[in-house]
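K.L.:
Sharing a structure here in structure tokens format.
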Amino acid sequence: MKNNKITLENVNLHYASVAYKERSLKSLMASAFSRRSTSSTVADIHALKNVSVEISSGERVGLLGHNGAGKSTFLKTVAGLYPISSGKLTVDGQIRSLFDLSLGFEPDATGRENILYRGLLLGLSPRFMRGMEAEIVEFAGLGEFIDYPMKTYSAGMQVRLAFAISTTVGGDILLLDEVIGAGDANFMVKAKERITSLIERAEILVLASHDLGSLKAICNRGLVFHHGSLIFDGSCVDAIDEYKKANGLS
């Protein structure tokens, strides 16, 4: 077993308030001609609050919490998508994440060209992606559309291609955010089988979900978030009970 590890020490993450303010031309014009005061301020969002946790090889960790509790923020922070405001974050191992599947597609480029683009975002070389291209195309099941511009794809087709690309290569650390809808029933069967394979091969799994049954079946440890704070860390069964108690569900 590899010595993969995720360590957070007193990690804080703030979202800048400017990200929540309307900055469109329409809103600026409206405020300029409005007689009412528009000087209200929007406070920065303290998305993660002094989070300290260590996750080691062999662990299957479920993240629980209400919408906005910090689950997805935690995942994206570990993935390196969000820079922390303070504290220390250390990740030992190769991360593979499955969220934001629509990220990185060029609408005017073909599906085949987008395979290379997405590979670059995942940190993979063009040579490697060309070697995996045939497998990706077959799994996505897009037929001749693989050589059509992405802007001609339906939403389901885009998700199928994104899923095929993102799951072609596993990683030591697998980060999953909720259940991924990936098209028709036949494709969903293939998608579920591939996710199961990725989970089995990963040294560390961190899964955020509202599906308590799936969390109980897959995870041996649970972290409960509440308004950005980590309020419980223990067995997944106990974590589910704590989540229900914190949210008035029990």
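Derivation of every value follows stated rules applied to the coordinates shown; laboratory data play no part. Only a predicted model underlies this, so the values are computations on that prediction, with no experimental measurement involved. Ideal geometry is used to build each Cβ from the backbone, glycine not excepted, and the neighbour counts take in all protein chains shown.
K.L.:
Could you calculate the contour length gain from S56 to T152, that is, 0.36 nm times the residue separation minus the distance between their Cα atoms, to one decimal place in nm?
P.N.:
30.2 nm
K.L.:
A follow-up question, please. Among the listed pairs K5/K49; K49/K190; K2/K244, which are separated by more than 31 Å between their Cα atoms?
P.N.:
Listed pairs above 31 Å: K49/K190; K2/K244.
K.L.:
Right, another one. For the residue pair E193 and I45, what label-to-label distance in nm results when each label sits 7 Å from Cα along the Cα-to-beta-carbon direction?
P.N.:
3.9
K.L.:
Considering only the other residues whose Cβ falls under 12 Å of the Cβ of I136, what net charge follows from Lys and Arg at +1 and Asp and Glu at -1?
P.N.:
That works out to +2.
K.L.:
By the gyration tensor of its Cα atoms, with a ≥ b ≥ c the square roots of the eigenvalues, what is the shape of the range 75-140: rounded for a/c under 1.5, prolate for a/b over b/c, or oblate?
P.N.:
Prolate, since a/c reaches 1.5 and a/b exceeds b/c.
K.L.:
Take every Cα pair under 8 Å in the range 111-202 that's 6+ residues apart, average their separations, divide by the length, and report that relative contact order as a whole percent.
P.N.:
It rounds to 27 percent for the range 111-202.
K.L.:
Kindly work out what percent of the DSSP beta bridges joining two residues of the range 118-250 are antiparallel, to the nearest 5.
P.N.:
55
K.L.:
From the Cα gyration tensor of the range 111-202, with a ≥ b ≥ c the square roots of its eigenvalues, which class applies: rounded if a/c is under 1.5, or else prolate if a/b is larger than b/c, or else oblate?
P.N.:
Note, shape of the range 111-202 comes out oblate.
K.L.:
Evaluate the charge dipole of the range 111-202 about its Cα centre and quote only its size in Debye, nearest 20, assuming +1 on the Cβ of each Lys and Arg and -1 on the Cβ of each Asp and Glu.
P.N.:
Approximately 140 debye in magnitude.
K.L.:
Could I ask something else about it? What are the ³J(HN,Hα) values, in whole Hz, obtained from phi via the Karplus relation 6.51 cos²θ - 1.76 cosθ + 1.60 with θ = phi - 60°, for each residue of the range 127-140 in sequence order, with x given for Gly and Pro?
P.N.:
Values, residue by residue: 4, 5, 5, 5, x, 9, 4, 4, 5, 5, 4, 5, 5, 5 Hz.
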